[in-house]
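Each remark here refers to the structure printed beneath this line.
The values are calculated or read from the model by the stated rules, or taken from the named source; none is laboratory data. These figures come from a predicted structure and were not determined experimentally. Note that we place each Cβ from the backbone using ideal geometry, even for glycine, and neighbour counts take in every protein chain shown.
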Amino acid sequence: MLLGVALNDGLIENLDQNVHSLFSESNYSSINEDYKKIKLRHLLDMSSGLDADTEKPQTIGHAGNWIARDDWKEYLLNVPLQSQPGQEWVYADINAVLIGLAIEEASGMSLRDYAQQKLFDPLGIEQVYWYTNASNQTGAAGNLYISTLDFAKLGLLVVNEGDWDGNQIIDPKFIKELVTHENFDLSEIISLADSYGMMWYKTSRTFGKKNLDYLFASGNGGNHLVVVPDEKMIIALTSSAYGPGYGHGRSYAIMSKIFAALD
């Protein structure tokens with residue numbers, strides 16, 4: 001969503017920009033040439049092809065290798081490819097963090113401060129904590145703490161096609177792509193989702209007699225932001241069931257009960 005804001009601000013040209021072009025060679029002479037092959041679209045779809053996998057600590061780009069650093073930019077800009085971009089869905093924190101770094105580079109601000117000015121303040125979101133390292137780089141792959149009601153506001157911005165109280169924060173065309181774009185079939189990998197695109201899971205299910213098409217953002221511990229565009233409906237679920245693995249299933253069960261009540 002913040003990438004959509006940056007596009008609206010003219011900081012980023014389009015989603016087909018390659019990652020290499022977003023960082024000045026004069027400042028980052030050691031940036032891996034592989035990044036010329038990776039587009040922003042690939043990062044959004046978790047298909048960068050980089051040697052990074054959240055489920056595999058042995059990969060070079062795994063968060064365990066860089067999250068504790070005071071400056072992680074140089075490390076992240078040197079992670080090599082392990083496959084061709086766009087070919088395979090692999091969930092990896094590095095993809096979101098690289099998008100955050102690109103916005104920071106273009107705006108001259110930490111992603112935390114950019115978000116506060118461009119998104120949180122307009123939405124009236126006042127209580128925010130977002131981990132930002134000693135070099136003023138924000139951990140865009142997570143580490144964001146906001147209230148459940150404020151979490152729901154992000155979903156409402158999607159339902160309202162980027163408009164908030166008459167202020168067009170994100171271009172409606174970007175929101176439409178966010179809602180409809182599906183690049184990878186995940187039905188055989190993840191039981192709770194059918195597909196993935198633009199950093200959101202997309203699903204179609206029948207609850208009672210009612211079929212619903214919805215998208216959801218999913219965070220560790222069972223944190224879910226569910227958006228049902230046709231129903232103008234948002235479900236925000238915050239949870240701290242970290243580690244054991246039951247958090248997502250529990251949140252899905254709660255969501256299912258709410259959906260069943262619509263029948």
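The figures follow:
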item: Any hit, the stretch 170-185, residues being farther than 30 Å from A6 by Cα, free of Cβ contacts under 8 Å to residues at least 12 places away in the same chain and over 17 Å from the mean Cα position of the chain (by Cα); result: no
item: Helices (runs of 4 or more DSSP H) contained in the stretch 70-189 and holding at least 1 residues of a type outside the set (D, E, K, R) and not assigned by TED's automatic domain parsing to the domain that holds R41; result: 148-159, 172-180
item: Residues within the stretch 236-263 that are touching a residue at least 40 places away in the same chain (Cβ under 8 Å), of a type outside the set (S, T, Y) and crowded, with 18+ Cβ neighbours inside 10 Å, tallied; result: 4
item: Flag if S83 is crowded, with 17+ Cβ neighbours inside 10 Å and hydroxyl-bearing (S, T, Y); result: no
item: Qualifying residue in the stretch 46-62 (condition: closer than 25 Å to G243 by Cα, in contact with a Phe, Trp or Tyr (Cβ under 6 Å, 6 or more places away or on another chain) and β-branched (V, I, T)); result: yes
item: Residue among E182, E188, E177 that alone is surrounded by 15 or more Cβ atoms within 10 Å (Cβ to Cβ) and at pLDDT below 95; result: E182
item: Residues of the stretch 1-24 that turn out to be assigned to a loop (DSSP other than H, G, I, E, B) and farther than 18 Å from V79 by Cα, as a count; result: 10
item: Residue under evaluation G64, criteria (1) buried (at least 21 other Cβ atoms within 10 Å of the Cβ); (2) over 17 Å from the mean Cα position of the chain (by Cα), criterion not met; result: (1)
item: Count of the stretch 200-222 residues which are over 14 Å from Y252 (Cβ atoms) and among the aromatic types (F, W, Y); result: 1
item: Counted residues, the stretch 225-235 - those being closer than 17 Å to R205 by Cβ and exposed (fewer than 13 other Cβ atoms within 10 Å of the Cβ); result: 1
item: Every residue from the stretch 25-42 that is in contact (Cβ under 8 Å) with a residue 12 or more places away in the chain and part of a loop (DSSP other than H, G, I, E, B); result: Y28, S30, I31, N32, K37, I38
